[in-house]
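The values are calculated or read from the model by the stated rules, or taken from the named source; none is laboratory data. None of these values were measured; they are calculated from a predicted model. So basically every Cβ, Gly included, is an ideal-geometry build from the backbone, and we count neighbours across all protein chains shown.
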Amino acid sequence: MRLKELEGIAREIHAVLEAKNAARDAALMRCRELTRLCALCIRAVHREEYAEGQRLLREAQQAAFVLQTDLAPFPDLLYAGYTQDALKEWVEASVVYAIVTGQPLPGPRELNVPEAAYLNGLAEAATELRRRILDLIRTDRFEEAER
């Protein structure tokens, strides 16, 4: 009698773990894609290809949304380091694009990211902005660098 109960419980647990494993595998792939899109966006901004940067940012926004939606049933995966790192990259790209193009600065609520991921992305955006300033100085665009 107890053996049948345990077998039923084991099947339920196995199904949950299989679903979580599939979600983890998909999340890892989506995190890599999100990180790649954000890196490409930042590169486009540095090349002053703003239309391309905006297109990539829209793709990244969609990727971040899908990632978070798919992981909503699995909070431990949603708040795992690799997921938060990918969301940090999304923040970084969004902030760099906004500052360089003179757009309003998006906050964590607009980007739909946890505050910690937002702060980490904001900190990383500073290094990209430093690079931007140096590029502007090299081309004698001091007023823009000052802004």
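Some notes on this structure:
- Unique match (being of a type in the set (A, V, I, L, M, F, W, C) and either within 12 Å of the chain's Cα centre (by Cα) or more than 26 Å from Arg24 (Cβ to Cβ) (or both)) among Ala39, Ala80: Ala39
- Among residues of the stretch 129-141 being in a helix (DSSP H, G or I) and either surrounded by 18 or more Cβ atoms within 10 Å (Cβ to Cβ) or not charged (D, E, K, R) (or both), the one that is farthest from the chain's Cα centre (by Cα) is Ile137.
- Test: residue in the stretch 46-53 that is among the aliphatic types (A, V, I, L, M) and surrounded by 11 or more Cβ atoms within 10 Å (Cβ to Cβ): no
- When restricted to residues that are in contact with a helix residue (DSSP H, G or I) (Cβ under 7 Å, 6 or more places away or on another chain) and surrounded by fewer than 12 Cβ atoms within 10 Å (Cβ to Cβ), the stretch 104-122 contains 3.
- Selected residue [surrounded by 14 or more Cβ atoms within 10 Å (Cβ to Cβ), at pLDDT below 95 and of a type in the set (D, E, K, R)] from Arg11, Arg24, Arg36: Arg24
- Filter pass, Ala125 being among the small types (Gly, Ala, Ser), part of a helix (DSSP H, G or I) and buried (at least 17 other Cβ atoms within 10 Å of the Cβ): yes
- Counting only helices (runs of 4 or more DSSP H) that sit completely within the stretch 1-119, those holding 3 or more residues that are in contact (Cβ under 8 Å) with a residue 40 or more places away in the chain correspond to 2-46, 50-71, 81-101.
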